[in-house]
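Colleague: Supplied in structure tokens, the structure appears directly below.
The values are calculated or read from the model by the stated rules, or taken from the named source; none is laboratory data. The model shown is predicted, which means the values in this text are computed figures rather than measured ones. All Cβ positions, glycine included, derive from the backbone under ideal geometry; neighbour counts span all protein chains shown.
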Amino acid sequence: MNVRIVTLSLALLALAGAGPALAASCAHPETALGVSRVIEIDTSGGPIFGSATKREKEHDLLAENEVVLTFDDGPVPWVTTPILDTLDQYCTKATFFAVGEMAISHPAAMKDVIARGHTVGTHTWSHPNNLKRLTFDKAKDQIERGFAAVTLGAGTGIAPFFRFPGLNDSDELLAYLQSRGIASFTVDVISNDSFIGSPQSIADRTLKQVTARRGGILLFHDLKRPTAKALPAILAGLKAKGFKVVHMRAKTDIVPLATLDAELQPLLAKAPAAALVPFYGQIPPAVTVDGLAPAQTDIAPPARSRIPDADASQQASKKP
Ligand SMILES: [Zn+2]
């Protein structure tokens, strides 16, 4: 069954009911942040988005005062679930860069992310902090195993979206991602929620940075409770300051390597029985603050020449 087609059909059915019905589907329309625009990305050229890389990257993903919400390192049910609840409360959508081991250990949480209409990409199998320190084959396995595991945990297709742990990319690995038609995402605004323990400080810092930069790709982690606690203040602050949330989707799903899928199946079977819920529920469509269907922008960045440069890689690896 093609879940994507079902998803779109449900969304279209919901949209056919016009604005008020959709507005009513938002629990708190008065505080709704909504989704102002959907960007559907054709990743076949292996594009790079976000400013935190020295590599050649795409421009113009976002206009001024637009933001993309992203969450790395999960799913962790006791953090991911309250984050999903808050995103629902503000009727907005995010992208989750899940870790393979986490997704296969917490498949219900991973399915919940999908069921609530968010985009899921990956962030390696086990989150080694710097893929450049691994052999090319091991780094490649981390990437591929991550996609295979998150797809299994999600129980449906996921986006060919990838984020390097620690944002430590390399020409060689980016060329590999490009060969697989995978887009790489860095960030523009770092919440620093990995290091800040106070929800208020996370919110203050994020809002200050996003205001200074006038939007961008925001980085959070669905790993620690303070992030979940900070999120309502962050979303309320974004709304008060007039920022618009853009939701990214992929034109096509990743096709995981079949050998890894077979290897990982037994691990999924070991996940707690309570977590093995089937794919369920109607997917809430992305809506604007007025409860209307957001406009969609399709982008298909052309492939770039990314021939690994040995000298450049060596130079880069010497840096701290
Ligand atoms: Zn991470």
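Colleague: Restricted to the stretch 223-270, and to residues that are free of Cβ contacts under 8 Å to residues at least 24 places away in the same chain and among the small types (Gly, Ala, Ser), which residue is nearest to Pro301 (Cα to Cα)?
Modeller: Ala258
Colleague: I'm told Thr122 meets every condition in (1) modelled with pLDDT under 95; (2) closer than 16 Å to Asp169 by Cα; (3) crowded, with 23+ Cβ neighbours inside 10 Å except one. Can you identify the failing condition by its number?
Modeller: Among (1) modelled with pLDDT under 95; (2) closer than 16 Å to Asp169 by Cα; (3) crowded, with 23+ Cβ neighbours inside 10 Å, Thr122 violates only (1).
Colleague: On the given criteria, is Ala139 more than 12 Å from the ligand (Cβ to nearest atom), closer than 23 Å to Arg304 by Cβ and either assigned to a loop (DSSP other than H, G, I, E, B) or in contact with a Lys or Arg (Cβ under 7 Å, 6 or more places away or on another chain) (or both)?
Modeller: On the way: more than 12 Å from the ligand (Cβ to nearest atom): yes; closer than 23 Å to Arg304 by Cβ: yes; either assigned to a loop (DSSP other than H, G, I, E, B) or in contact with a Lys or Arg (Cβ under 7 Å, 6 or more places away or on another chain) (or both): no.
Against the criterion (more than 12 Å from the ligand (Cβ to nearest atom), closer than 23 Å to Arg304 by Cβ and either assigned to a loop (DSSP other than H, G, I, E, B) or in contact with a Lys or Arg (Cβ under 7 Å, 6 or more places away or on another chain) (or both)), Ala139 does not qualify.
Colleague: Being surrounded by fewer than 22 Cβ atoms within 10 Å (Cβ to Cβ) and either modelled with pLDDT under 95 or farther than 25 Å from Ser184 by Cα (or both) is the requirement here; does Thr211 meet it?
Modeller: Details: surrounded by fewer than 22 Cβ atoms within 10 Å (Cβ to Cβ): yes; either modelled with pLDDT under 95 or farther than 25 Å from Ser184 by Cα (or both): no.
Spelling it out, it is not the case that Thr211 is surrounded by fewer than 22 Cβ atoms within 10 Å (Cβ to Cβ) and either modelled with pLDDT under 95 or farther than 25 Å from Ser184 by Cα (or both).
Colleague: Which of the residues spanning the stretch 213-246 are within 27 Å of Ile41 (Cα to Cα) and assigned to a helix (DSSP H, G or I)?
Modeller: Of everything in the stretch 213-246, those that are within 27 Å of Ile41 (Cα to Cα) and assigned to a helix (DSSP H, G or I) turn out to be Arg213, Leu231, Ile234, Leu235, Leu238, Lys239.
Colleague: Regarding Gln200, is this residue surrounded by fewer than 18 Cβ atoms within 10 Å (Cβ to Cβ) and in contact with a Gly (Cβ under 9 Å, 6 or more places away or on another chain)?
Modeller: On the way: surrounded by fewer than 18 Cβ atoms within 10 Å (Cβ to Cβ): yes; in contact with a Gly (Cβ under 9 Å, 6 or more places away or on another chain): no.
No, not satisfied.
Colleague: Is it the case that some residue within the stretch 50-67 is in a strand (DSSP E or B), more than 16 Å from the ligand (Cβ to nearest atom) and either buried (at least 18 other Cβ atoms within 10 Å of the Cβ) or more than 14 Å from the chain's Cα centre (by Cα) (or both)? Steps first, please.
Modeller: First, the residues of the stretch 50-67 that are in a strand (DSSP E or B): 66-67.
From what is left, the residues that are more than 16 Å from the ligand (Cβ to nearest atom) are 66-67.
Then keep just the ones that are either buried (at least 18 other Cβ atoms within 10 Å of the Cβ) or more than 14 Å from the chain's Cα centre (by Cα) (or both); that gives 66-67.
Yes, some residue in the stretch 50-67 is in a strand (DSSP E or B), more than 16 Å from the ligand (Cβ to nearest atom) and either buried (at least 18 other Cβ atoms within 10 Å of the Cβ) or more than 14 Å from the chain's Cα centre (by Cα) (or both).
Colleague: Please determine, by comparing only the residues of the stretch 87-101 that are closer than 20 Å to Lys229 by Cβ and within 16 Å of the ligand (Cβ to nearest atom), which one is surrounded by the fewest Cβ atoms within 10 Å (Cβ to Cβ).
Modeller: Among those that are closer than 20 Å to Lys229 by Cβ and within 16 Å of the ligand (Cβ to nearest atom), it is Ala94.
Colleague: Could you list all residues from the stretch 102-134 that are within 15 Å of the ligand (Cβ to nearest atom) and assigned to a loop (DSSP other than H, G, I, E, B)?
Modeller: Hits for the stretch 102-134 are His123, Thr124, Trp125, Ser126, His127, Pro128, Asn129, Asn130.
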